[in-house]
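Have a look at the structure below before the remarks.
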Amino acid sequence: MISFLMKKRFHIIVWAIMLTYVAFAPALYARFFLLYGKPTQEDYKELPAQTDQRKYSIDGLDPIIYKGQDLYKLWGWAFLTVDPSKPPEMYVRKIVLTSGSRHYYFPTTSAQRPDVQKMFKDHINMNLIKSGFLTLIAKDFIWPGEYSIGIIFRDKLCGCDYYLTTSKVIVRTANQLQMRKAKSTP
């Protein structure tokens, strides 16, 4: 048996290296080489209470190549009606992907949405031009599964947090992210 192992040691070493690579390469790639679409570390022990004083739409989840990285762009619009004197840019918005005890927080970038302003001009007396958002998501940081999409709003003045769960979910498969309507909507 020992002579057999000695004769085949090169093959055993090559197989051990290949199996180690398959097991650890995706995690190492995500941790050390991906620069964009990473979730942020947050100190929420639990998510803030749900608010029903909100309007939103998750418009799309598109695969994109950003600075040489394969990412997904989640985009839409959202604003709170808690205080009509505060426009959307008075809040810092974060996208939250939630599945059981797993929470992934992604920063957003504000986007101009004149269509939203036009849509609500007769109903809501607020400046909604900057109600749009987009966020970049690298699928390699997310465990496979189904995640509800939520949005946290942090008031820049008082630091108050508001949370909403949307009617959409993201499904992480082995090779991609897909968005679809949730089975039960809030």
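Readers should treat all values here as calculations from the given coordinates under stated rules, not as data from a laboratory. Given the structure is predicted, the values throughout are model-derived calculations rather than measurements. Don't worry about glycine lacking a Cβ; one is built from the backbone with ideal geometry, like all the others, and counts go over all protein chains shown.
Please give the contour-minus-distance gain from Q176 to Q53: 0.36 nm per residue of separation, less the Cα-Cα distance, rounded to one decimal in nm. Walk me through the numbers on the way to the answer.
Values: separation 123, 0.36 × 123 = 44.28 nm, distance 3.29 nm.
Full extension of this stretch gives 41.0 nm more.
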Next item on the list: Report Rg(Cα)/(2.2 N^0.38 Å) for the range 121-186, keeping two decimals.
Entry: 1.42
Checklist line | Sites E42 and W15 - FRET efficiency at Förster radius 35 Å, r taken between beta-carbons, to 0.05 | finding: 0.30
Next item on the list: Work out how much length K183 to A23 would gain on full extension: take 0.36 nm times their residue separation and subtract the Cα-Cα distance, in nm to one decimal.
Entry: 54.2 nm
Notebook entry, point to check: Considering the zone a paramagnetic label at S85 would reach in this model (a point 7 Å from Cα along the Cα-to-Cβ line), which residues of the range 127-144 have amide N under 18 Å from it?
Noted result: 127-128
Next item on the list: Treating the angle as unsigned and between 0 and 90°, give the value, to the nearest 10°, between the Cα long axis of helix 9-32 and the longest Cα principal axis of the chain.
Entry: 10
Next item on the list: For K181, go through the lysines and keep the ones whose alpha-carbon is under 22 Å away, minus same-chain ones fewer than eight residues off.
Entry: K55, K73, K94, K139, K168
Margin query: When 1/r is averaged over all different Cα pairs and the result inverted, which Kirkwood radius in Å belongs to the range 75-125?
Written below: 12.9
Next item on the list: Report the normalised scattering of the chain as log10 I(q)/I(0) at q = 0.12 Å⁻¹, calculated by the Debye formula with identical scatterers on the alpha carbons.
Entry: -0.64
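Hey, got a sec? Which trypsin sites (Lys or Arg not before Pro) in the range 141-186 land in a DSSP loop and have at most 15 other Cβ atoms within 10 Å? Don't skip to the answer; put the middle values down first.
Details: sites: R154, K156, K168, R172, R180, K181, K183; in loops: K156, K183.
Within the range 141-186, the qualifying trypsin sites (Lys or Arg not before Pro) (loop, at most 15 other Cβ atoms within 10 Å) are K156, K183.
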Item checked: Chain lengthening between I124 and T109 when straightened (0.36 nm per residue, less Cα-Cα) -> 3.1 nm
Check: Straight-line reach from K156: which aspartates and glutamates have Cα under 15 Å away, leaving out those fewer than 8 places along the same chain?
Finding: D83, E89
Notebook entry, point to check: Of K139, K67, K55, which is the most mobile in a GNM of the chain whose springs link Cα atoms less than 10 angstrom apart?
Noted result: K67
